[in-house]
Amino acid sequence: MKPVERVTALFRGEPYDRPPYGLACCTLGASLTSTPVGEYYGDPALYARGQGAVCDLLDPDIVFTPFVFAFEAAAFGAALAPQKDSVPNVRQPPFRTAEDALTGRDPKPGSDRYLDFLVDSSVACSKAFGTERIVAAPIVAPTDLPALLVGIEEWIETLLFRSDVAERLFSKALDHFRSLSEAYRNAGVSILVMPMMFANPRILDERNIRRSALPVLESALRDCPLPVVLHHGGTAFADRIGLYTGLPGLAGFAIGAQDSFSRARELAGPEAVLLGNILGPCFDAYSRDFLSGALRALVEAQRGDRRWIFANSGAELPAWTPPDRLTLVRDILQGRGS
């Protein structure tokens, strides 16, 4: 089967030949093509070339477009902090207060260089790989964008004590999510991956999640032109998956490295797709023996689950991860016996 056929069959509940896999290793493409990171995250053609090198090495079923959430914040005016061997971070939010954010700019794809890079990289990846592989685009959740715009402390204070302002900022975030998700659909993306922190009970109490975050997520997903995978956002997630199972347009859940697949399956139900589950940022430190044992144990444990995709949990793999760790993933998932 082609990778795109394999993943499509899994999502439809149809037979397929082996478990699909994808690794979020966007910056690895810069390393494999000896491209400076600053240039790589400024030129869609260079990004697609880097992901081509990732495909040559890993032969994944899923290719990820740039996992650079700081660019969504930068579109609103955030100051960036470039990283030598990784994606840029937000150095300073674009607005001091939530009220300032309400009167600030409303960037749109086609008129902002940061959003255009994300969308044009998706176009380049879709043209290069879309007939063979699934192209997945990360996107900031509308529940989380306000924290990128004003900072975590200001956003929590707004949520707790200025609900009217929070509601208006949610509306701004929803407008952004809708325009960007539509642009991704037009770019040829197949699925969105949406990490969420401010709809997670380990960050925000469940009462506030039900009162504010869940209605925003429901509105976002109801209007979304693409299926969405909810990502754990770096925290334990499996025990609270039941909060989100009724959301419209939901394709599945990417769970954390500390989460239990069996518990996630129990709460998500038999039809939900589950992704995970070895921590990505530590891949460079894993020995081949450890990684081989962990992968084989995971594959064996999930053998009876036909709605499971292997993916690294957490943030992307370090760009300097030894290639033999990556080919180990490929060989074990493809049943090459390595």
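The values are calculated or read from the model by the stated rules, or taken from the named source; none is laboratory data. Just so it is clear, the model here is predicted, and its values are computed rather than measured. Here Cβ is always computed from backbone atoms with ideal geometry, including for glycine, and neighbour counts include all displayed protein chains.
Output the number of residues of segment 265-295 satisfying the condition of being under 17 Å from the mean Cα position of the chain (by Cα) and in a helix (DSSP H, G or I).
Selection size over segment 265-295: 2.
Taking residue 143 as meeting all but one of (1) out of contact with any Phe, Trp or Tyr (no Cβ under 6 Å at 6 or more places or on another chain); (2) buried (at least 22 other Cβ atoms within 10 Å of the Cβ); (3) outside any helix (DSSP H, G or I), write down the number of the exception.
In the conditions (1) out of contact with any Phe, Trp or Tyr (no Cβ under 6 Å at 6 or more places or on another chain); (2) buried (at least 22 other Cβ atoms within 10 Å of the Cβ); (3) outside any helix (DSSP H, G or I), residue 143 misses (1) alone.
Return yes when residue 71 is of a type in the set (Phe, Trp, Tyr), closer than 16 Å to residue 117 by Cβ, outside any loop (DSSP other than H, G, I, E, B) and in contact (Cβ under 8 Å) with a residue 40 or more places away in the chain and no when it is not.
yes
Look at residue 54 and say whether it is in contact with a helix residue (DSSP H, G or I) (Cβ under 7 Å, 6 or more places away or on another chain), in contact (Cβ under 8 Å) with a residue 60 or more places away in the chain, buried (at least 18 other Cβ atoms within 10 Å of the Cβ) and at negative phi.
Numbers: in contact with a helix residue (DSSP H, G or I) (Cβ under 7 Å, 6 or more places away or on another chain): yes; in contact (Cβ under 8 Å) with a residue 60 or more places away in the chain: no; buried (at least 18 other Cβ atoms within 10 Å of the Cβ): yes; at negative phi: yes.
It is false that residue 54 is in contact with a helix residue (DSSP H, G or I) (Cβ under 7 Å, 6 or more places away or on another chain), in contact (Cβ under 8 Å) with a residue 60 or more places away in the chain, buried (at least 18 other Cβ atoms within 10 Å of the Cβ) and at negative phi.
Please verify whether residue 311 is of a type in the set (A, V, I, L, M) and part of a strand (DSSP E or B), treating the condition exactly as stated.
yes
With respect to residue 139, determine if the residue is β-branched (Val, Ile, Thr), touching an Asp or Glu at 6+ places or on another chain (Cβ under 9 Å) and modelled with pLDDT of 95 or more.
Yes: the conditions hold for residue 139.
Could you tell me whether residue 70 is within 29 Å of residue 143 (Cα to Cα), at pLDDT 95 or above, surrounded by 19 or more Cβ atoms within 10 Å (Cβ to Cβ) and among the hydrophobic types (A, V, I, L, M, F, W, C)? So that I can check it myself, show each step before the final result.
Working: within 29 Å of residue 143 (Cα to Cα): yes; at pLDDT 95 or above: yes; surrounded by 19 or more Cβ atoms within 10 Å (Cβ to Cβ): yes; among the hydrophobic types (A, V, I, L, M, F, W, C): yes.
When the stated conditions are applied, residue 70 passes them.
Given the criteria part of a helix (DSSP H, G or I), of a type in the set (A, V, I, L, M) and farther than 23 Å from residue 12 by Cα, does residue 326 qualify?
Numbers: part of a helix (DSSP H, G or I): yes; of a type in the set (A, V, I, L, M): yes; farther than 23 Å from residue 12 by Cα: yes.
Considered against the rule, which asks whether it is part of a helix (DSSP H, G or I), of a type in the set (A, V, I, L, M) and farther than 23 Å from residue 12 by Cα, residue 326 comes out as yes.
Could we say that residue 262 is surrounded by fewer than 18 Cβ atoms within 10 Å (Cβ to Cβ) and under 23 Å from the mean Cα position of the chain (by Cα) here?
Here the answer is yes, as residue 262 does meet what is asked.
Would you pick out the residues in segment 90-130 that are aromatic (Phe, Trp, Tyr) and either modelled with pLDDT under 95 or outside any loop (DSSP other than H, G, I, E, B) (or both)? Walk me through it before giving the result.
Within segment 90-130, the subset aromatic (Phe, Trp, Tyr) is 95, 114, 117, 129.
Residues satisfying the conditions are 114, 117, 129.
Just for segment 219-248: of the residues that are closer than 18 Å to residue 180 by Cβ and charged (D, E, K, R), which one is modelled with the lowest pLDDT?
223
For the condition within 28 Å of residue 14 (Cα to Cα), touching an Asp or Glu at 6+ places or on another chain (Cβ under 9 Å) and either in a loop (DSSP other than H, G, I, E, B) or free of Cβ contacts under 8 Å to residues at least 60 places away in the same chain (or both), what is the one hit in 331, 259, 305?
On the way: 331 fails: touching an Asp or Glu at 6+ places or on another chain (Cβ under 9 Å); 305 fails: touching an Asp or Glu at 6+ places or on another chain (Cβ under 9 Å).
Just one listed residue meets the conditions, 259.
Identify, from the list 182, 206, 132, 218, the residue that is farther than 27 Å from residue 62 by Cβ, acidic (Asp, Glu) and surrounded by fewer than 22 Cβ atoms within 10 Å (Cβ to Cβ).
Of the residues listed, the single one that is farther than 27 Å from residue 62 by Cβ, acidic (Asp, Glu) and surrounded by fewer than 22 Cβ atoms within 10 Å (Cβ to Cβ) is 206.
Take the residues in segment 306-337 that are among the acidic types (Asp, Glu) and surrounded by 14 or more Cβ atoms within 10 Å (Cβ to Cβ); name whichever of them is nearest to residue 60 (Cα to Cα).
331
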